[in-house]
Amino acid sequence: MHPDLEKLIQLQEAELQIKNYSDRIEQLPRHLAALEEKLSGALQSLSRSQERLAKLALEKRKLEGVIQDFEQKNSKYREQLIDVKTNEQYKALLHEIEFNTNQIRKTEDEILTKMEEEEKLRRELHQTEQLLQKEKAIVNSEKRAAEAEVEQDKSILGELQLLRQNLIESVVPSVLETYHRIARFRKGIALARATGDSCQVCHVRIRPQVLSQIMTGESIVTCDSCQRILYWKPDGPYEVSS
Ligand SMILES: [Zn+2]
């Protein structure tokens, strides 16, 4: 094989892996946000319950105020009972007092209903909080795993970049220039393997004369159809896929 071709194959592999690792590293913030998103259901349910509890407390205070008003009216009427002159006035005041007392009972029942709702909400809130704690622990460990993985990716990426740099420096500049030019317009794939009698990437037949040129490895040969640099690698039982 042409001495530079061996290096170009390694360079191609390194560059593809660099892209792969860079993409994975770039994905991290999105991946972390997606993990965080798993908590949103429990968090929303928590804030809804908290809002409802705050509203219930306000409604209860308001109803307590209503009871206080009726009680004040009743104590005023009871004082007036002492001074009334006629039976009708007395009856009318008693009627008012009875009406207000009924209103007080009704309002007390309303408060009780709200207290029951409060109790139910508190229980639910407690359950949601416990669930959230569990989910948070899972999400945090998933986040740590993802971050650790990216740390590892970064160190591999560093090694790959070093390897790439070394390869670039060791390849004849004109060959490297050809490689880069093809890579630019072929989405980063500048090399193609020749198998049988065709280019493995574009599947166009390679002329026998060209094929023997590739097999001797004396010069850099490009595919007539896709323009990629061709290299020869026979099929065999010990073949390493590339
Ligand atoms: Zn081709």
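Based on C-alpha pairs under 8 angstrom that are at least 6 apart in sequence, segment 29-168 has a relative contact order of 41 percent.
Could you work out the relative contact order of the chain, using alpha carbon pairs under 8 angstrom and six or more residues apart, expressed as a whole percent? Relative contact order of the chain: 30 percent. Here residue 124 and residue 69 are evaluated by their C-beta separation; at R0 = 30 Å the FRET efficiency comes out at 0.35.
Evaluating 6.51 cos²θ - 1.76 cosθ + 1.60 at θ = phi - 60° for every residue in segment 159-174, the Karplus couplings come out as 5, 5, 5, 5, 4, 4, 4, 4, 5, 4, 6, 9, 8, 4, x, 5 Hz, glycine and proline recorded as x.
By the count of neighbouring beta-carbon atoms within 10 Å, fewest first, 99, 70 end up ordered 99, 70. Pairs of Cα atoms in segment 29-168 fall into 5 Å distance bins, from 0 up to the last occupied one, in shares of 2, 8, 11, 9, 8, 7, 7, 6, 6, 5, 5, 4, 4, 4, 3, 3, 2, 2, 1, 1, 1, 1, 0, 0 percent. Considering only 199, 112, 41, the residue lying farthest towards the positive end of the dipole of the chain is 199, judged by Cα position with unit charges set on Cβ. Computed from label points 7 Å out along Cα-Cβ, the spacing between residue 110 and residue 148 is 5.8 nm. Scanning residues 5 or more positions from residue 195 or on other chains, those with amide H under 5 Å from its amide H are 200, with H placed 1.01 Å from N in the peptide plane.
Among rounded, prolate and oblate, which fits the chain when a ≥ b ≥ c are the square roots of the eigenvalues of its C-alpha gyration tensor, a/c under 1.5 means rounded, and a/b larger than b/c means prolate? Prolate, since a/c reaches 1.5 and a/b exceeds b/c.
Ranked for footprinting exposure by Cβ neighbours inside 10 Å, fewest first, 21, 90 give 90, 21. From least to most packed, judged by other beta carbons within 10 angstrom and beginning with the fewest, 36, 13 follow the order 36, 13.
Rounded to the nearest 20 debye, the dipole size of the chain about its Cα centre is 440 debye, using +1 on the Cβ of Lys and Arg and -1 on the Cβ of Asp and Glu.
How much mean residue ellipticity at 222 nm does the chain get from its helices, if each DSSP H run of length 4 or more adds -39500 (n - 2.57) and you divide by all residues, to the nearest 500 deg cm²/dmol?
Mean residue ellipticity, 222 nm, calculated: -28000 deg cm²/dmol.
Neighbours of residue 43, meaning other residues whose beta-carbon lies under 11 angstrom from its beta-carbon, give a summed charge of -1 when Lys and Arg score +1 and Asp and Glu score -1.
Rounded to the nearest 20 debye, what is the charge dipole size of segment 152-213 about its Cα centre when +1 sits on each Lys and Arg Cβ and -1 on each Asp and Glu Cβ?
320 debye
Note on segment 29-168: dipole from Cβ charges, positive end direction compared against 126, 75, 162; the farthest Cα belongs to 162.
No lab work stands behind these numbers, since they all come straight from the coordinates. What you see is a predicted model; the values in this text were computed from it and never measured. For neighbour counting, all protein chains shown are included, and Cβ atoms are generated from backbone atoms with ideal geometry for every residue, glycine included.
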